[in-house]
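Below is one structure, written out as structure tokens; the observations come after it.
The values are calculated or read from the model by the stated rules, or taken from the named source; none is laboratory data. In this text the structure is predicted, and so the values were computed from the model without any measurement. Here the Cβ positions follow ideal geometry from the backbone for every residue, glycine too, while neighbour counts run over all protein chains shown. Heads up: the accessible areas ignore ligands, DNA and RNA and are worked out on the full protein's heavy atoms, side chains in. Shrake-Rupley method; radii C 1.70, N 1.55, O 1.52, S 1.80 Å.
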Amino acid sequence: MGTPVSIANTGIAVREGEHRKPIHLAAHFPGVNHNTVWSDPSARSQVEFDSFVHLARAAERGRFDFFFLAEGLRLREHLGRIHDLDVVGRPDTFTVLAALAAVTDRIGLAGTINTTFNEPFEVARQFATLDHLSAGRAAWNMVTSSDAFTGENFRRGGFLAHADRYRRADEFVTVAQRFWDGWGGDPIVHHGRQFDVRGGSPLPPSPQGHPVLLQAGDSGEGRDFAAARADAIFTRHGSLESGRAFYADVKRRAADRGRNPDHLKVFPGAAAVIGATADEAAEKAREIRRSQVGPQTALNFLEQVWGRELQSFDPDGPLPDVEPVFEEQAVKGRVLHADPREIVATYRARAEAGGLSIRELVIELNTRPQFVGTAEQVADEIDTYVQADAADGFILVPHLTPTGLDEFVDDVVPLLQERGAFRSEYTGTTLREHLGLPVPGADETARRVG
Ligand SMILES: Cc1cc2nc3c(=O)[nH]c(=O)nc-3n(C[C@H](O)[C@H](O)[C@H](O)COP(=O)(O)O)c2cc1C
């Protein structure tokens, strides 16, 4: 294999021979955000079961590790208007994954469920059930979720400060694990700041002991939580440079806790655009990005940063010359990590340097790390990112529902398989086996089930 352009002459070490890592792949079900292109004639429902089946089966045909559902419990809105591309919301995660368990055989089934508004017992029981029904294919993406807006759907309601969200998440998983491990044992007693539980587990241990635990959340607290608790991380750090920095950081955090860093897998989200030639793929990628960011989406995007109405500005004109307003409550369904004034200053500098209009800037900002090229080039790049320790694999985010991964599965996966970089057949039956992860409490599970 030739050295891909992105890494040639950079001095970055790429694993070779016996040091090579197996690539892991996952399929993100698209639908709710501006990455989904609804204007394409082949776009179909994000709610009907056929769509879930199509994507899950395509991913299983490609021998992917897992199928992935994000969580969004309300349609995102801003200044009283629903985001224009949030056509409908997401159906219930457990129902969808349980139904998929019946029509798939080996692929892992991962669901995002927040730890801020739920109860550990319920979530533990739901994932244990999914793990039983799917014969060991369940995974939980643990998120704290970003805002009070989502919380208004729940009885406990409202908002938790950032640090409290992670304290609650940590205690949440502690209690959930007690339920997973607690079958036939002493009563489960937990008196903590967030939960006060005296109960018992109604289910025997599931095939994986615990579902595979993923985490998504990028702050220091989020990374520490993942390093302590998770088997894998879903991250936005998908470029070679930021991916390598993130990977080194979280693996070190895991090692500092006495964990084997190989047991914390790193999965950036990524999109792939494939063409017969590199030029064709680049043109296709340009068209996709323009379709993802229409004029209204561009203004909505900026409004969430500016915290105020910007509808009178021309999306094809320069950036708004008004100052942002900081109001955390106004951020509904989107996470802001920094002071909006600083973000606005960087946007202005970038627009000025590139002579970019509002829409052009948002198109630039909207780039998911993308593998763009021929199938051969995309396979090369993905393998290189993994062997350069920028990732252990990728959660692929297609732009089309539900056919967006068909081309990747048919054209790129066989090339990865030919090179021995990716499995040709599943060798295990559980998701922990696909990912090379240990079964927690294996001895105990065997003793009790056997
Ligand atoms: C890659 C990624 C994916 C996420 N997916 C979801 C999601 O599906 N649903 C959700 O409510 N929050 C999601 N989050 C947000 C997290 O729940 C978290 O609230 C947010 O990132 C703030 O925490 P942080 O400051 O640690 O990043 C995601 C975050 C990241 C980084």
remark   = Given the candidates V266, F301, A255, the one whose Cα lies deepest towards the positive end of the charge dipole of segment 252-306, counting +1 at each Lys or Arg C-beta and -1 at each Asp or Glu C-beta, is A255
key: Reduced Cα scattering model of segment 120-191, Debye log10 I(q)/I(0), q = 0.22 Å⁻¹   = -1.06
note = Each label sits 7 Å from Cα toward the beta-carbon; between V103 and E323 the label points are separated, in nm, by 5.5 nm
ask   = Of the heavy-atom accessible surface of the chain (probe 1.4 angstrom), what whole percent is carbon and sulfur?
value = 49 percent
Under the span-like rule (Cα at least 20 Å along the axis, Kyte-Doolittle mean at least -1.0), DSSP H helices of the chain = 240-256, 340-354
query = Given a Förster radius of 56 Å and the C-beta distance between R198 and F49 as r, what FRET efficiency does 1/(1 + (r/R0)^6) yield to the nearest 0.05?
reply = 0.90
Segment 176-205 residues near the modelled D164 label - backbone nitrogen below 20 Å, point 7 Å along Cα→Cβ = 191-197
request  = Report the normalised scattering of the chain as log10 I(q)/I(0) at q = 0.13 Å⁻¹, calculated by the Debye formula with identical scatterers on the alpha carbons.
outcome  = -1.29
key: Residues in segment 275-299 reached by a label modelled at E376 [backbone nitrogen below 15 Å; 7 Å Cα→Cβ]   = 275-281
inquiry  = Keeping every protein chain present and rolling a 1.4 Å probe, give me the accessible area per residue for the chain in Å².
reply    = 44 Å²
inquiry  = Rounded to whole Å, give me the distance from the Cα center of segment 1-73 to that of segment 155-234.
reply    = 27 Å
key: Cα coordinate range in segment 249-331, projected on the principal axes (Å, largest first)   = 55, 46, 17
remark   = Counting Lys and Arg as +1 and Asp and Glu as -1 over every other residue whose Cβ sits under 13 Å from the Cβ of G428, the net charge comes to +1
query = Using heavy-atom solvent-accessible surface (probe 1.4 Å) with all chains present, what is the largest-first order of D231, D196?
reply = D196, D231
inquiry  = Can you tell me the length gained on complete extension of the stretch L79 to L133, counting 0.36 nm per residue apart and subtracting the Cα distance?
reply    = 15.2 nm
message = Using the basic label-point model (7 angstrom from Cα toward the beta carbon), what is the R348 to E364 distance in nanometres?
response = 1.6 nm
